[in-house]
Amino acid sequence: HRAPWDNTGTRTPTPPGEGGWQPLAPSPIPFAGLATPTEMSTKDGTRILEDIERAARNAHHAGYEAIELHGANGYLLHEFLSPLANHRTDEWGGDLQGRMRFPVQMVEALRAGWPDGKPVLVRLPATDLIDGGLTVDDMVAVATRMGAAGVDLIDLVSGALIPDASRAAEPLHNARYGPRFREAGVHIAASGLVSEAHHLDEAIPDLVDAILVGRATLRDPYWALRALDAEPRESWPKQYHRAF
């Protein structure tokens, strides 16, 4: 594909001689007819772990107070976890314990470059939303292991690994997995189609500990202020009050 910031070629395969990037993946399985990725080697993995640790260290020096590793929506960590994308037979493949080995190493690398006093977040799929993919039981086990590796908060989404996966379209669809994931012993957040202030009241604290609002705040940078003053405004528990 072309570089991610070049919107002319991100949806079609582009040969390296024409400026295309060669993607890496756990296994050489293309997404929806796009470029076939190269199967990652041990050397590739070592470089990626070093890059993650360096990125975390740079983010700390730049003044960030929290850091999140995107491990869902078909990104590399998600690909390693799912049997739909990971067909490896080495120590990074096989059963769930094998498939989560490199993702846990990614988290450990992030934590190694990040101060103990600052939180690490990881976005994970609650489920692949398709038969043969990751289940909620699988992902609760993954979340538990990541909590032990130093993750402070798990941010839940779902699906998006392969084109055939179902797509949930109702607000708070990811937050509804929250009560199951509290078994993991870490704070739980969710995102996805949250656009109204009342969604926050519906989700916190019964479903999740936090809601991450993305596209609504891109459309309206004052969304949080408007949500704070929205009517009717229920009184949140004091521990959820925040100063804007």
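The values are calculated or read from the model by the stated rules, or taken from the named source; none is laboratory data. Since this is a predicted model, take the numbers as computed values, not measurements. Counting neighbours? That spans all protein chains shown, and the Cβs are built from the backbone with ideal geometry, glycine included. Note: accessible area is taken over every heavy atom of the protein model, side chains too, but ligands, DNA and RNA are not part of it. Shrake-Rupley method; radii C 1.70, N 1.55, O 1.52, S 1.80 Å.
Hand me the list of helices (runs of 4 or more DSSP H) wholly inside segment 88-193 holding 2 or more residues that are of a type in the set (D, E) and open to solvent by 10 Å² or more (accessible area, probe 1.4 Å).
Because the criterion is at least 2 residues that are of a type in the set (D, E) and open to solvent by 10 Å² or more (accessible area, probe 1.4 Å), the helices (runs of 4 or more DSSP H) in segment 88-193 that meet it are 136-148.
Among what's in segment 217-231 and is part of a loop (DSSP other than H, G, I, E, B) and closer than 21 Å to G192 by Cβ, pick the residue that is most open to solvent (accessible area, probe 1.4 Å).
P221
Identify all residues within segment 1-37 that are more than 21 Å from P163 (Cβ to Cβ), open to solvent by less than 80 Å² (accessible area, probe 1.4 Å) and among the polar types (S, T, N, Q); write none if there are none.
Listed by number, the list is empty, since nothing qualifies.
Which condition from (1) at pLDDT 95 or above; (2) farther than 20 Å from L212 by Cα; (3) of a type outside the set (D, E, K, R) is the one that L161 breaks?
It fails just one condition, (1).
Quick grid of which residues meet (1) of a type in the set (G, A, S); (2) closer than 16 Å to V122 by Cα; (3) over 20 Å from the mean Cα position of the chain (by Cα):
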site	(1), (2), (3)
A175	yes, yes, no
G178	yes, yes, no
F181	no, yes, no
S191	yes, yes, no
H198	no, no, yes
R219	no, no, yes
